[in-house]
Amino acid sequence: MSFSYAVISLLLVAVISFCINVLLQSQFQNYVIKQREQKNSDIVGIIEKQYNAFDGWNTGVIANIGVNALEQGVIVKLKSEDGKTVWDATVHNNGLCVQMLTHMSQNMNSRYPGFKGGYEQKVYSVKAGSREVGHVELGYYGPYYFTDNDIAFLNSINTILVWAGVFSLVMALLAGAFMAKRMSGPISKSVKAAGQIAKGNFKQRITETSGTREMAQLTDTINHLADSLEEQENLRKRMAADVAHELRTPLANLQSSMEAMIDGIWEPSGERLESCHEEIIRLNRLVGDLERLERYEAENASLTVSEFDVSELIRHILHNFETEFQRKGVALSFEGEPEIIRADRDKISQVITNLVSNALKYTPAGGHTDVRVRGTEHAAELIVSDSGKGIPSGDIPYIFERFYRADRSRNRMTGGLGLGLTITKAIVEAHKGTIIVTSEVDRGTVFAVCLPKS
Ligand code: ADP
């Protein structure tokens, strides 16, 4: 990883340096061309000044201007208005002119092989006030020429660029190595921890904190994954223990009763057969609960939706519960206006039955259970509250989990396998609804189911 990072850094620095170099060269060429144009207009200006000062051509002064210009690489040819040559650098010193241009060409070609340059000229008119008094032809090596000073300047800029590039490269490599070291430690720890979790070691956690946000998110996610896997594993173990326990007791009772009757120790009286029958009913109920859960989880998506009055449905269900409540001595009340919802009637009836039967199961004699229906514009809320024994706060987060029972020491005949609320929640969520519980130990419990109307 660090090798490819070094190569990428090197390439980046090289590309950036190359681009800066090209940009600088072209800017500098523009600057040199502008300077030359400025020099040309300066020469024309001096020639005009000479004409105005002497009110005519002074060949001595013009020769001075011409020689001066020649020293700066400009070949001056001045003609008066009537076309006569006043001064011509090629006439004055043609050898020097040719030598100068050859030197310039050699210079540029040696520094920039294949440079396309050559002699160029421009004609300017010379004026005295608004009157044209002649023409000056300025010749030079074009399109541009770098003097020794210019080249020295460009070289020094290039040297600075090279050093800046080297410096940036070193810094980038150092920063990269630092970052890689900072990242690779936590990454390899995360990989190790994830490997352990994959092997089933759900206790594994990453304790090291990372300064990098993404790394911290990754370790958090892995830790959460381990949490939920550990929880699932505990649930699974508890389920196996629960199923075994729930099956063992009725089976052992049945076995000993049957053996006693076969051995002639017990008379197969109606009472004994009745008790064996009760155990078989209980076994059947457990198997039925397991089957129902499996079915609800598998069929979650398939709802047979119809429009019905949920208050009417609840009244009907409560009517069937009345005798059981009376027998236990728990008061049952209902309050609610007609509320039409679109839902799976059978499944909603299962939800109400589960919540009401739980309220009955966990409310002692003398208590009460109240069912209410409240309607809003878009939803219907079904509330089942009781004055029963309540649920300890530590158990509340788990009561919707499969096979979870808060009061694990209660009489095994009191309830089911801890599947009722799991099924209830699965049905409510299939309807895109919510179920929430609030409870206080020895004061009572409230389950509130919110179902969207459509
Ligand atoms: P179970 O078949 O054991 O009743 P549920 O899934 O219906 O299973 O409920 C899970 C657990 O939640 C119960 O074992 C019980 O401890 C607790 N619980 C549910 N409803 C109530 C309630 N109304 N009052 C007190 N505890 C309740």
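Observations, loosely collected:
- When G195 is tested against the conditions (1) assigned to a helix (DSSP H, G or I); (2) surrounded by 15 or more Cβ atoms within 10 Å (Cβ to Cβ), the lone failure is (2).
- Residue within region 229-241 that is under 30 Å from I399 (Cβ atoms) and small (G, A, S) present: yes
- Any chance A331 is over 45 Å from the mean Cα position of the chain (by Cα), loosely packed, with under 13 Cβ neighbours inside 10 Å and hydrophobic (A, V, I, L, M, F, W, C): no
- Of residues in region 270-306 being closer than 17 Å to I352 by Cα and among the charged types (D, E, K, R), the one surrounded by the most Cβ atoms within 10 Å (Cβ to Cβ): D289
- Test: residue in region 276-288 that is of a type in the set (D, E, K, R) and either closer than 17 Å to T422 by Cβ or in a strand (DSSP E or B) (or both): yes
- The condition of being charged (D, E, K, R), modelled with pLDDT under 95, part of a loop (DSSP other than H, G, I, E, B) and more than 7 Å from the ligand (Cβ to nearest atom) holds for R410.
- Taken together, the residues in region 34-61 that are surrounded by fewer than 14 Cβ atoms within 10 Å (Cβ to Cβ) and assigned to a helix (DSSP H, G or I) amount to 13.
- The residue list K34, K77, K39 contains one member that is within 15 Å of H135 (Cα to Cα) and modelled with pLDDT of 90 or more, which is K77.
- Region 248-300, subset of a type outside the set (D, E, K, R) and within 49 Å of the chain's Cα centre (by Cα), residue modelled with the lowest pLDDT: N300
- Whichever residue in region 362-383 is buried (at least 18 other Cβ atoms within 10 Å of the Cβ) and within 13 Å of the ligand (Cβ to nearest atom) and, among such residues, is farthest from the chain's Cα centre (by Cα): G367
- Checking each residue in region 189-224 for being of a type in the set (S, T, N, Q) and over 22 Å from M179 (Cβ atoms) picks out Q196, N201, Q204, T207, N223.
- Given (1) in contact with a strand residue (DSSP E or B) (Cβ under 7 Å, 6 or more places away or on another chain); (2) at pLDDT 95 or above; (3) away from the ligand (no atom under 11 Å from the Cβ), number of the condition V356 does not satisfy: (3)
- Pair list, Cβ under 7 Å, 6 or more apart: region 17-41 residue under 20 Å from G117 (Cβ atoms), other residue among the polar types (S, T, N, Q): K39/Q72
- The listed residue being surrounded by fewer than 16 Cβ atoms within 10 Å (Cβ to Cβ) and among the aromatic types (F, W, Y), out of Y140, Y145, Y119: Y119
- Among the residues of region 47-67, just one is closer than 13 Å to K77 by Cα and among the hydroxyl-bearing types (S, T, Y), namely T59.
- Only listed residue being at pLDDT 90 or above, among the aromatic types (F, W, Y) and closer than 30 Å to N21 by Cβ, chosen from Y140, Y124: Y140
- In region 221-238, the qualifying residues are those that are charged (D, E, K, R) and more than 18 Å from I206 (Cβ to Cβ), and the one that is surrounded by the fewest Cβ atoms within 10 Å (Cβ to Cβ) is K237.
The values are calculated or read from the model by the stated rules, or taken from the named source; none is laboratory data. Since this is a predicted model, take the numbers as computed values, not measurements. Reconstructed Cβ throughout: ideal geometry from the backbone, glycine too, with neighbour counts over all protein chains shown.
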